[in-house]
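Down below is the structure, laid out as structure tokens.
The values are calculated or read from the model by the stated rules, or taken from the named source; none is laboratory data. All of these numbers come straight from a predicted model, not from anything done at the bench. All Cβ positions, even for glycine, are placed from backbone atoms using ideal geometry, and neighbour counts span all protein chains on display. Note: areas computed on protein heavy atoms with side chains; ligands, DNA, RNA excluded. Shrake-Rupley method; radii C 1.70, N 1.55, O 1.52, S 1.80 Å.
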Amino acid sequence: MNSKKITVAALVAIVLVVFFLGMNAYQKRVQNSQAEKVSQVVSQSSNSSDSQSSQPDNRLMRFHSPVFGPSNAPVTIVEFFDPACETCRAFYPVVKNILKQYPNDVRLVIRYAPFHAGSDQVVKLLEAAKRQSKYQPVLEMVLAAQPQWADHGKPNVDLAYQAAKEAGLDIAKAQADAKGADIAAVLKQDIEDLTALEVTKTPTFFVNGRGLPSFGDQQLLALVAEEVAKARK
């Protein structure tokens, strides 16, 4: 009986090892494929522009994308972001501190990845807030209120609008603007780009076109520091 249990346990262990090895191999293939696509985008941008000071219009960055930090910063963090994503909310102060640490060297470009239910409506709210020059305060209030409105099973977007109102947003105007074809086009373009770049989770970060070797705030900080050091040479 004991020998049978040992045999079964050994078989289960072997299956688990094979499973995890297969998952790791799959994840590496996905990462390599994504890195290749992003590298092609960065290479094409470099060939069509003499400087990083202007924001290119490509799969990684668009003219419509919200930007924090100096437009001519030598280091660009691109974040594919979902306003309903708990990890995006957790990373926001990390990225904000990076911008404070490198006020002249780093800029942040936001791309939308509305994977959760209701996220697309909140993205439109954020874009409408941009029309009133209240993008950042609305973003921060929406993230602060995320635990209340971003129920993944049944999101309550009205609570996100209430949070935006607390940030000083004219809600009537924002609701009208959010229905516009131009804001719908922004969302459509970002979804097309994240699909082409094989972005499947949020947040996904690229620093000067380089993806994180592994996920975590320390990995992001290290990659940014590396790129800043290179830019300062």
* To do: Could you tell me whether segment 196-205 includes any residue that is among the charged types (D, E, K, R) and at pLDDT 95 or above?
  => no
* To do: Mind listing whichever residues of segment 166-200 are within 14 Å of the chain's Cα centre (by Cα), open to solvent by 80 Å² or more (accessible area, probe 1.4 Å) and touching a residue at least 12 places away in the same chain (Cβ under 8 Å)?
  => T200
* To do: Among the residues of segment 136-163, write down those that are surrounded by 20 or more Cβ atoms within 10 Å (Cβ to Cβ) and farther than 21 Å from F115 by Cβ.
  => M141
* Asked: Does any residue of segment 201-223 turn out to be among the β-branched types (V, I, T), open to solvent by less than 60 Å² (accessible area, probe 1.4 Å) and in a strand (DSSP E or B)?
  -> yes
* Quick one: which helices (runs of 4 or more DSSP H) sit completely within segment 81-188 and have at least 1 residues that are more than 21 Å from S65 (Cα to Cα) and at pLDDT 95 or above? -> 86-101, 135-144, 146-149, 157-166, 171-178
